[in-house]
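The next block holds one structure in the form of structure tokens; read it before the comments.
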Amino acid sequence: MGRTLRQRTSEGNALNGAYAAALEAGADLRVPAARARVEAFAIRLLDVGVAAVLLTLLLPVWLVVACAIKVDSRGTVLYRCGRVGRNGVVFQMLKFRKMRADASGPLLTLPDDSRFTRIGRFLARSKLDELPQLWNVLLGEMSLVGSRPESPEFVVRHPDDYAAILAVRPGITGLSQLAYAKESEILDSGDCVEDYLSRVLPQKLRMDRLYAETRSFRANLRILVWTAVAVLLRADVAVNRKTGALGVRRRPAPAPAAEPIPVVTRAAQAEVRS
């Protein structure tokens, strides 16, 4: 928020340079080139087909949400935020606006963020604010599955990691998105950005690199199925950090309640003595 077009262009140029330098240093993509082209073509067909169908089916939802946003607060229906895409190119990712038009502050949000509008709080909790990214998918700027598009300010801190991660399109869902579906709830409210950079982002980078290096049409289908489980059944999905295996997150069983200690009254003590 608040950055000029010139600043964003400068950030994009810097990212492109860092990306190219890291690739020249040798980013290891494990999928052979010929197979990678076939997989990429199949994934793109899946992206376009699913995005087109969902945009059509969810048109009534779009209209309801758009009207609710306009009635709730002044400002535009959509919010455009600069994110780093494939090959380090900065693009404008779309979201339904969930903050006040004059809002400013950190790039990350918390569940009780004071910048949220009334409808915006619901959109953030339900993830409906992400729906417009289906249009980014149709435009080829994003994929249904991939790493979460990050802000240029975060990407420039890890150029080597993102050289591998951004060899493929970022996505609406993915391994790191499923693993950190409730990210805003675990961030330190005192300094959410620093907590994210030091504790959460390194974990997400490892998962995003794993996805980029092992991406396949079958893996994307599997991630989409588990995303549907998470959204429709409100289930927490666990992600294996080493293999990318997915499953339902098991909550630890509560500790058994301690047996109550019997209380011996004075009357009972007197009865025993007698």
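The values are calculated or read from the model by the stated rules, or taken from the named source; none is laboratory data. The shown structure was predicted, so the numbers you read here are calculated from the model rather than taken from an experiment. Cβ atoms come from the backbone with ideal geometry, glycine included; neighbour counts cover every protein chain shown.
Just a few scattered comments:
- Leading residue by the ranking (surrounded by the fewest Cβ atoms within 10 Å (Cβ to Cβ)) among those in the range 137-182 that are closer than 29 Å to LEU59 by Cβ and among the charged types (D, E, K, R): LYS182
- Residues satisfying the stated conditions in the range 230-244, i.e. crowded, with 17+ Cβ neighbours inside 10 Å and either free of Cβ contacts under 8 Å to residues at least 60 places away in the same chain or among the aromatic types (Phe, Trp, Tyr) (or both): ALA230, VAL237
- One residue alone among SER198, SER189 is without any contact (Cβ under 8 Å) to a residue 24 or more places away in the chain, surrounded by fewer than 17 Cβ atoms within 10 Å (Cβ to Cβ), over 19 Å from ARG169 (Cα atoms) and of a type outside the set (A, V, I, L, M, F, W, C), and that residue is SER198.
- In a residue-by-residue description of the range 220-238, the property of being in a strand (DSSP E or B) and either farther than 26 Å from VAL48 by Cα or at pLDDT 60 or above (or both) applies to at least one position.
- Leading residue by the ranking (nearest to VAL156 (Cα to Cα)) among those in the range 49-84 that are surrounded by 14 or more Cβ atoms within 10 Å (Cβ to Cβ) and of a type in the set (Lys, Arg): ARG83
- Residue tally, condition touching a helix residue (DSSP H, G or I) at 6+ places or on another chain (Cβ under 8 Å) and either of a type outside the set (Lys, Arg) or surrounded by fewer than 14 Cβ atoms within 10 Å (Cβ to Cβ) (or both), over the range 93-112: 10
- With respect to the conditions (1) surrounded by 19 or more Cβ atoms within 10 Å (Cβ to Cβ); (2) over 22 Å from GLY82 (Cβ atoms), LEU134 lacks only one, and its number is (2).
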